[in-house]
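Participant: So that we are looking at the same thing, I have put the structure below in structure tokens.
The values are calculated or read from the model by the stated rules, or taken from the named source; none is laboratory data. Bear in mind the structure is a predicted one, so any value in this text is a computation, not a measurement. All Cβ positions, even for glycine, are placed from backbone atoms using ideal geometry, and neighbour counts span all protein chains on display. To get the accessible areas, we keep the full protein, side chains included, count just its heavy atoms, and leave off ligands, DNA and RNA. Shrake-Rupley method; radii C 1.70, N 1.55, O 1.52, S 1.80 Å.
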Amino acid sequence: MDALNFEFDTMMWLYIGGGAIILVVVAALWRKLLRAAMILVGLGIALALAWTLAMQATATKEVATAATVSAAGSTAGNVGMMILAFLLFVATIAGGTYIFLLRRRIQTLYNSPDDAWLPGSNAQWGRTGPTAAPGDALGALIQIEVLRALRELRADRGAALAPYDAWDEAEDAGEQPYTEPDPMWWR
């Protein structure tokens with residue numbers, strides 16, 4: 001036990017002696033040590049600033065890359081929208097021009113300067129200008145004659161028949177009464 005105390009005391013005396021020597025060296029060389037410590041602190045601060053600037057540069061580079069990618073995507077979207085807007089504009093102009101020219105053509109076909117409406121309240125929708133072509137009159141005459149012939153055929157059937165035969169009740173019952181052949185078989 002005493003041996004341990006002795007060793008402890010020896011170690012204690014070594015620490016005290018080393019501390020005293022260091023104190024004397026520091027007291028004697030305190031200016032040089034202070035300068036060395038200040039240089040080391042300055043170098044540490046410079047190293048910390050350099051490391052901070054390097055990290056800042058890396059972050060700035062990554063932000064610039066992201067901004068470049070974003071700008072490229074935005075530009076592509078804007079160009080696409082401009083192309084679509086231009087195509088829509090061209091289609092609208094082309095459609096409007098086509099409709100305008102078609103209206104103009106129809107107006108020139110049906111509204112010649114010689115062919116104006118008759119004035120007055122009792123004009124009966126008459127028009128001035130050249131009369132209809134002879135072919136039109138012939139077609140109208142043929143149509144009138146066909147309508148007159150059909151009216152005469154209908155008058156021959158008699159007034160006893162209903163104007164509109166939807167069905168025959170005898171036919172629905174299953175009976176087959178005798179009927180004369182219909183002269184208007186196409187009806």
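Let's see how each residue does on (1) modelled with pLDDT under 90; (2) among the charged types (D, E, K, R):
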position: Gly19; (1), (2): yes, no
position: Leu49; (1), (2): no, no
position: Thr58; (1), (2): no, no
position: Lys61; (1), (2): no, yes
position: Ala66; (1), (2): no, no
position: Gly80; (1), (2): no, no
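Participant: Continuing with this model, one more query. Given the residues Ser70, Ser74, which is the only one that is of a type in the set (Gly, Ala, Ser), open to solvent by 70 Å² or more (accessible area, probe 1.4 Å) and either free of Cβ contacts under 8 Å to residues at least 60 places away in the same chain or not in a helix (DSSP H, G or I) (or both)?
Facilitator: Only one candidate passes the filter, namely Ser70.
Participant: Could you say whether any residue in region 87-110 is open to solvent by 90 Å² or more (accessible area, probe 1.4 Å), of a type in the set (Lys, Arg) and modelled with pLDDT of 90 or more?
Facilitator: For region 87-110, residues open to solvent by 90 Å² or more (accessible area, probe 1.4 Å), of a type in the set (Lys, Arg) and modelled with pLDDT of 90 or more: absent.
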